[in-house]
Amino acid sequence: MTALLEIKGLRVKIEDEDREILRGLDLVINAGEVHALMGPNGSGKSTLAYVLAGKEGYEVTDGEILFEGESLLDMEPEERAVKGVFLAFQYPIEIAGVAGMTFLKTALNAHRKTRGEAELTTPDFMRRVKEASDRLQMTQDMLRRPVNTGFSGGEKKRNEILQMTLLEPKLAILDETDSGLDIDALRIVSDGVNALRAPGRSMLVITHYQRLLNHIVPDFVHVMSAGRVVRSGGKELALELEAHGYAEYGADAA
């Protein structure tokens, strides 16, 4: 198998603070695999997602992150995005004054231009958006509104998956995508994610609960505690965690 993402001995703290959040984390994700990351609150799951995407405010004090053999830590957030790293946020932000269609077209064509590809014409772009938005039950009216403005929690998550569908990342990081979703919205979002599973695309699904993994079935499940992966297994590990909880792993405020 070809490693898409290799994390070795990663140690991270919040800038201007001494508190360490990730404490020697190791993880390897091969091309085409879906990994679920579970664990108690404060174990560092979202911090890992933010560091992978390049969010400001975190300092890497040791270790490395290799993406297709290149150091991810040497890349700016926009470089990581063009290389194929995508983060779906737990709480997607609103962007007032920027229409959804404009946002999507600008992002997609910026990626294409950086990769030396021709920008999409408006008809080609509209066709792609319609196909993807129909699967996610998003109306054209929703996409004409400012990004996520006035959207419900479920609509914001569907909008994130729409972005992911159009950008076609190599590594999709889903940070608690199931948070705040009802049963119907969970199914729609999960179907959208599953439609993107491919031999060349990997996913890191961060969640507390088994219910999401009933829909997005992982190849591997990892348990995080106190800033590192402390246990790994197959999809049955998630069922065990659902039954017994995280008491044995504790929770270190991180």
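No lab work stands behind these numbers, since they all come straight from the coordinates. Just so it is clear, the structure is predicted and the values come from calculations on it, not from any experiment. Glycine gets a Cβ as well: all are built from the backbone with ideal geometry, and neighbour counts include every protein chain shown.
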Exposure proxy check on His215, His111: fewest-to-most Cβ neighbours within 10 Å is His215, His111
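With 10 angstrom as the radius, rank Ser71, Ser232 by how many other C-beta atoms surround their C-beta, starting from the fewest.
Values: Ser71 10, Ser232 13.
So the ranking, lowest neighbour count to highest, is Ser71, Ser232.
Under 8 Å for C-alpha pairs, at least 6 residues apart: give me the relative contact order for the chain, rounded to a whole percent. Display every interim value, and only then the final one.
On the way: 473 pairs, mean separation 76.0, N = 254.
That works out to 30 percent.
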Whole-Å distance linking the alpha carbon centroid of region 93-138 with that of region 214-230 is 32 Å
If the label point sits 7 Å along Cα→Cβ of Asp62, residues of region 1-27 with amide N under 15 Å come out as 8-13, 19-26
With R₀ set to 51 angstrom, the calculated FRET efficiency between the beta-carbons of Met126 and Ser232, to the nearest 0.05, is 0.75
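Using only alpha carbons, build the gyration tensor for region 198-246 and give me the equivalent ellipsoid semi-axes, biggest first, whole Å. Could the numbers behind the result be given before it?
Values: eigenvalues 68, 39, 17 Å².
Working from the Cα gyration tensor, I get semi-axes of 18, 14, 9 Å.
Tell me the Kirkwood radius of region 136-254: reciprocal of the mean inverse pair distance over distinct alpha-carbon atoms, in Å.
Details: mean 1/r = 0.0637 Å⁻¹.
After inverting the pairwise mean of 1/r, the radius is 15.7 Å.
Within a 10 angstrom radius of the beta carbon, how do Phe151, Phe67 rank from fewest other beta carbons to most?
Numbers: Phe151 19, Phe67 22.
Ascending number of Cβ neighbours within 10 Å: Phe151, Phe67.
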Computed, not fitted: 222 nm per-residue ellipticity of the chain from DSSP H runs ≥ 4 (each -39500 (n - 2.57)), nearest 500, equal to -10500 deg cm²/dmol
Scoring only Lys, Arg, Asp and Glu (+1, +1, -1, -1) among other residues with Cβ under 13 Å from the Cβ of Glu119 yields +3
In a Gaussian network model of the chain with springs linking alpha carbons closer than 10 Å, the residue among Arg201, Arg127, Arg145 that fluctuates most is Arg127
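When averaged across all projection directions, what area in nm² does the alpha-carbon convex hull of region 15-117 cover? Write out the running numbers ahead of the final one.
Numbers: hull surface 35.1 nm².
Projected over every direction and averaged, the Cα hull of region 15-117 covers 8.8 nm².
Rounded to the nearest 20 debye, what is the charge dipole size of the chain about its Cα centre when +1 sits on each Lys and Arg Cβ and -1 on each Asp and Glu Cβ? Can you show the working numbers first?
Details: 30 positive and 40 negative charges, 171 e Å.
Charge dipole of the chain: 820 debye, to the nearest 20.
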Given the candidates Ser43, Met164, Ser133, the one whose Cα lies deepest towards the positive end of the charge dipole of the chain, counting +1 at each Lys or Arg C-beta and -1 at each Asp or Glu C-beta, is Ser133
In nm, the gap between the two label points placed 7 Å beyond Cα toward Cβ at Gln140 and His215 is 2.7 nm
Ranked by GNM mean-square fluctuation in the chain (Cα springs under 10 Å), the top entry among Lys157, Lys235, Lys130 is Lys130
